[in-house]
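Nothing in this text is a laboratory measurement; each read-out follows from the coordinates by a stated rule. All values reported here derive from a predicted model rather than from experimental measurement. Note that each Cβ is placed from the backbone with ideal geometry, even for glycine, and that neighbours are counted across all protein chains shown.
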């Protein structure tokens, strides 16, 4: 079989792609009208479960960008068992993440010992003003609704303790 | 000349004198052309100063530093786990591959090794980032030469790879998934089957690029015999990766050094090309993408069961010592010279990035070529600006 | 690196252990021997990690000769050239990390050189590789300080052309002049930049202009409990008191 | 001749029709090419949809683009030779208008009946070179200068094969009048069979290929787009242009593509005509009046097919290097077309 010149082959490739696009539709998505679902693990935005946070500062200290700001104070909580002594707990006053600085490395979520921080795949929170990218604890708490279940693991994986 | 002021005359004479050596016979004037820092051919902000005689380059010299981020300094104020989030921005197209050598160096200093399952998954992700990176190179090659279609095919199929990387690690571009002692997490369910499908798509993409670009006679006439780098020059400048293999040096760090990674467990081939021209460099890369899909396919079938994380202390302190680990990254040899003082963070990290050496040959290889060849030679040397400037 | 099969355990690094168990590395010992025979007294010290890597420290005068000798012996691939400032940073990491205190910071405060030792603050560091035998050598050399504090070393460009850019980078980052360099301009920095950023006494402004957010602590109970002013140890303790509810 | 649609039209009406017709003949192909090929075909070849927001399937995108360009600031570089700089895009577009004048769209639907039409078209076709050269020269930009010089070299080099490729047609038709060439093709017959007339592409296939390659180069489309070369010269001679001046260049580029496709279809594909034998016409005077409507439509279809091929090649190929391009013109195309002329002349004399 004689070799087809590359010039002709190239024309064939582009025309073939045109045919495929007409037949199967494009590979792109018309963004504001249609959206692709990001993967479950996608690191879109960090959500905060305020009840779990003990203001231990671990996330703020391990953040490479210094973009987490936490303030808290100690207060007395009612005893867990009837008749016990009142417990001393940390109360969270302020929990801000500056998304203008955040580089989405996920270290804060990873170091959190009390499961208070989660990744949510939401990504549409751009703002016209850069100052609005500082999410406070209410806003971070609202993201909790969008946090998906952790995915099942592939065969052969060891269960996490 | 009478119309000119004295200062203009003097500068004119000075310019003439400077140009005289360019072309004494024809008395033509040379021209300095500034390509960049903002230019479509420089993937970022590289500036090339070219002295031209007509369309021919008398000398050309890249000028870097428009995007220098000082990572070597920044690593000194970060802890070991924080460094990976930083260094995967060096070569932003193959970012997972940047993390691996650093983690391996830290593990070497701590004298631990990741579990076999983690080594396997690391290798898979490493090869996936190579495919994402070099796949885009293959498309971008077309754009540098006026063919608009290949780059869209590259973006289309790279998207599948990025989806895989995001599905496993959570980060599309900056996975930050590699940890000292293993990986952050195991693979999600269904990932392996999906990856196999994507590898089939990528092999088709390679065939398409082969037909559309590499088989094209115009492309060949632009690439063959242009920008020839002999092997001794390539070694002297420290060219690495496909650039070195295209000059006929059969040397691949994946094969030729013993690392706790899974490359030695599968069957693959190191491609070389004897010519050393632009065509050879691009062709070797195309073959390497194909080879990578094969490596990934084989590794997917043989992932061992077990944990993905070795037992490491919660707060990582790396013992005092020095370690050098380099791997065969998409762009070439990427290595970290890590000096630890037994502290939470490294004392000094020397980042040996591939593009820095690969571009340092540019003044040598650009001498005497035509202006359009500047673009093709730079494209075939394949640099990422973050990898030059760090 | 030695392939140890005990991947799940942390094996402590211990020099005596490694040297006792490792088989002598003929290849790398041979390199040191060859270099010693070429340079004589030029080789000051060497360090071989069996099966892994070799470090050789040469005298400053033998720096170029060492490069030439290695190039002649097949180490034709130029990997990198850089420098190390062994002075401990006066600024730390810009953060007052309470967890860093526990084994004492005083170890960092004195200047200690790494493998193969060293007498000066700055050391030149270069690596060349033999692409046939797949073995690399890391060369080090003390950079002598002149009376006026300036640093200068001979250039490697005639031996390894690729050293050109690396030396330009090292020159601007550490302030080491390379004598005989064909193009001693700055690589990255603007022409009028002052200072040498990779020297340890060059402050990293990004970590100076803003206080570390991690330095604040939870406000203690107002009326009592002076002891709780401590630090993270307390935070963890308080965290664990109600940790039972979350796990 | 003045019996357009068998209605007597006063002279001013005819003039108005001609002016409007000229504008339509230039702008309509340009708009159609941009939408159909540049927006849609290219996108589909790259497995995407292209513009979809403005109008149904993005059909109004073109007007949005024009609106965008008109709003932009008209920047003239400080060092530029302002008057010439402003004139250059107009020269380019003007050459397109002058070119379309000789193209016949129907038995009566033409602007000028010019007995040396081919000669005129080829001469006027190279006026745009002047526009491009002065645009590159007056921009006071090194990239533009390189682009302008490349354009001059390239357009002149490819003018020659184009002329030589047409000579074969002229020999065969025995006329330089484009209308006569159309009639000759449609009233001809192949060995007595007149089912499809006698389009010259059959005998002049080599000439047709050379002509189309030369057109590709003349239009500075990939693979001959070094004067523009986004990735090296950053749009070459157009680098400094913005706003409506860039728009004029842009329209000029695609309008010229349309007009050259018109000329190619007249020279090689039978132009506006249908084979005369289908309706029993003997010559130009017998042709029914409805061809004045049908002819332009036929021309338009043929133009779309030809520009479609031009664009298809553009979206598939990388570009040549400047010296390779010159070598290709002088060492390949010109000898081939000279041989073609010689062969045509020999056959013409012999038969």
Item checked: Debye equation applied to the C-alpha atoms of chain A, log10 I(q)/I(0) at 0.10 Å⁻¹ -> -0.58
Next item on the list: Enter the per residue convex hull volume of the stretch B:131-232, computed from alpha-carbon coordinates, in Å³ rounded to the nearest integer.
Entry: 138
Next item on the list: Compute the length gained on full extension between residue A:51 and residue A:4: take 0.36 nm times their separation in residues and subtract their Cα-Cα distance, giving the result in nm to one decimal.
Entry: 10.1 nm
Check: Modelled label-to-label distance, residue B:204 and residue C:36, 7 Å Cα→beta-carbon offset: nm?
Finding: 6.3
Next item on the list: Bin all alpha-carbon pair distances of the stretch C:46-91 at 5 Å intervals from 0 and give each bin's fraction as a whole percent.
Entry: 5, 14, 17, 27, 18, 9, 6, 3, 1
Check: Helix D:243-268 versus the longest principal axis of chain D: what is the Cα-based angle in degrees, 0 to 90, to the nearest 10?
Finding: 20
Note to self: Show me the ranking of peptides D:153-161, D:252-260, A:124-132 by mean Cβ neighbours inside 10 Å, starting with the highest.
What the structure shows: D:252-260, D:153-161, A:124-132
Next item on the list: Give me the Kirkwood hydrodynamic radius of the stretch C:138-215, using the inverse of the mean 1/r over all pairs of distinct Cα atoms, in Å to one decimal.
Entry: 14.4
Margin query: Show me the three semi-axes of the equivalent ellipsoid for the stretch B:71-364, from the C-alpha gyration tensor (sqrt of 5 times each eigenvalue), largest first, rounded to whole Å.
Written below: 32, 23, 16
Notebook entry, point to check: What are the radius of gyration and Dmax of the stretch B:152-300, computed over its Cα atoms and given in Å?
Noted result: 17.4, 50
Margin query: Taking beta carbons within 10 Å but only from partner chains, what does the mean come to for residues A:32-43?
Written below: 4
Checklist line | Mean projected area (nm²) of the alpha-carbon convex hull when the stretch B:49-186 is viewed from all directions | finding: 10.8
Item checked: Cα pair distances of chain D binned at 10 Å [whole percent] -> 5, 23, 32, 25, 11, 2, 0
Notebook entry, point to check: If you take the Cα Rg of the stretch B:207-287 and divide it by 2.2 N^0.38 Å, with N the number of residues, what do you get?
Noted result: 1.21
Margin query: Test of understanding: extend the Cα→C-beta vector of residue B:217 to 7 Å, then name every residue of the stretch B:362-382 with backbone N under 13 Å from that spot.
Written below: none
Check: When the distances between all Cα atoms of the protein assembly as shown are binned every 20 Å from zero, what whole-number percent does each bin get?
Finding: 10, 34, 32, 17, 6, 1, 0
Check: So what are the three principal axis dimensions of the stretch D:204-351 from its Cα atoms, in whole Å, longest to shortest?
Finding: 56, 41, 23
Check: When the convex hull of the C-alpha atoms of the stretch B:260-390 is computed, what volume per residue in Å³ does it have?
Finding: 149
Note to self: Taking R0 as 41 Å, what FRET efficiency do you get between residue C:201 and residue A:22 from their Cβ-Cβ distance, rounded to the nearest 0.05?
What the structure shows: 0.05
Check: Against the longest principal axis of chain D, how steep is helix D:334-350, in degrees 0 to 90 to the nearest 10, with axes from Cα atoms?
Finding: 10
Next item on the list: Order the peptides B:115-123, B:227-235, C:162-170 from the highest to the lowest mean number of other Cβ atoms within 10 Å of their residues.
Entry: C:162-170, B:115-123, B:227-235
Check: To the nearest 500 deg cm²/dmol, what mean residue ellipticity at 222 nm is calculated for chain D from DSSP H runs of n ≥ 4 alone, each contributing -39,500 (n - 2.57), summed and divided by the residues?
Finding: -20000 deg cm²/dmol
Notebook entry, point to check: After finding the eigenvalues of the alpha carbon gyration tensor for the stretch D:286-351, what semi-axes result from the square roots of 5 times each, listed largest first in whole Å?
Noted result: 33, 26, 7
Check: Tell me, what is the FRET efficiency for residue C:29 and residue B:314 to the nearest 0.05, using R0 = 41 angstrom and their Cβ-Cβ distance as r?
Finding: 0.55
Check: How big, in percent, is the set of alpha carbon pairs in the stretch D:234-320 lying more than 15 Å apart?
Finding: 69
Note to self: Just checking the output field for B:72-78: average partner chain Cβ neighbours within 10 Å of each residue's Cβ?
What the structure shows: 6
Note to self: Averaged across D:306-318, how many Cβ atoms of other chains sit within 10 Å of each residue's Cβ atom?
What the structure shows: 6
Next item on the list: Provide the packing ranking of C:197-207, A:88-98, i.e. peptides ordered by the mean count of other C-beta atoms within 10 Å per residue, highest first.
Entry: A:88-98, C:197-207
